1. Take each of the peptides 65-71, 13-19, average the number of other beta-carbon atoms within 10 Å over its residues, and list them starting from the highest.
2. By the scheme Lys and Arg +1, Asp and Glu -1, what is the net charge of all other residues having a beta-carbon under 13 Å from that of Met98?
3. Rounded to the nearest 20 Debye, what is the dipole magnitude of the chain about its Cα centre when Lys and Arg each give +1 and Asp and Glu each give -1 at the C-beta?
4. Of Ala54, Ala29, Ala79, which is the most mobile in a GNM of the chain whose springs link Cα atoms less than 10 angstrom apart?
5. Tell me the relative contact order for the chain as a rounded percent, counting alpha carbon contacts under 8 Å between residues six or more apart.
6. So between Asp63 and Arg103, what do we pick up on full extension, going 0.36 nm a residue minus the alpha carbon distance?
7. Taking R0 as 25 Å, what's the FRET efficiency between Lys53 and Leu4 from their Cβ-Cβ distance, rounded to 0.05?
8. Putting +1 on Lys and Arg Cβ atoms and -1 on Asp and Glu Cβ atoms, find which of Thr2, Asn86, Cys47 reaches farthest to the positive end of the dipole of the chain.
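We did not get these values from a lab; they are worked out from the coordinates using the rules stated. Note that the structure is predicted; figures quoted are calculated from it, not measured. FYI the Cβ positions are ideal-geometry reconstructions off the backbone, even for glycines, and counts take in every protein chain you see.
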Amino acid sequence: MTVLYGVDMEKPVTPLLVRDAIICCFSEAHCEDAGLGADKNINQEYCRSIVKKAFEDTHGDFDRPTRQSLLAVLDNLAAFSKGFRNPDIIKKHYEQIMQLMNRVE
């Protein structure tokens, strides 16, 4: 069984699963690059709010994401992160989420 950001790659992948994976991914990247060992729940909620804002900024629906809105959010978050994250980390996480996106039914 292969699991990527909490998503079992052997099962069907839905937009909601990808949305939650983006939150998890963004949280991991945030901790990884910043060297944070802080409270994971606080970081997860902080990252959830950033992802939610990315949906608002791209006119997507956080609660009912579509493939198109997820792609817009991914691009928004990658651009947002360029100012303070290592480009290699951004690229790695973007590519991992794209693995999930390619499986959305």
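1. Highest-to-lowest ranking by the protection proxy: 13-19, 65-71.
2. Values: positive: Arg67, Lys91, Lys92, Arg103; negative: Asp75, Glu95.
Net charge in that neighbourhood comes out at +2.
3. Numbers: 13 positive and 16 negative charges, 27 e Å.
Its charge dipole is roughly 120 debye.
4. Its mean-square fluctuation being the largest, the pick is Ala79.
5. Details: 99 pairs, mean separation 37.0, N = 105.
With pairs under 8 Å counted, the relative contact order is 35 percent.
6. Values: separation 40, 0.36 × 40 = 14.40 nm, distance 1.95 nm.
In short, 12.5 nm is gained.
7. Here the calculated transfer efficiency is 0.60.
8. It is Asn86.
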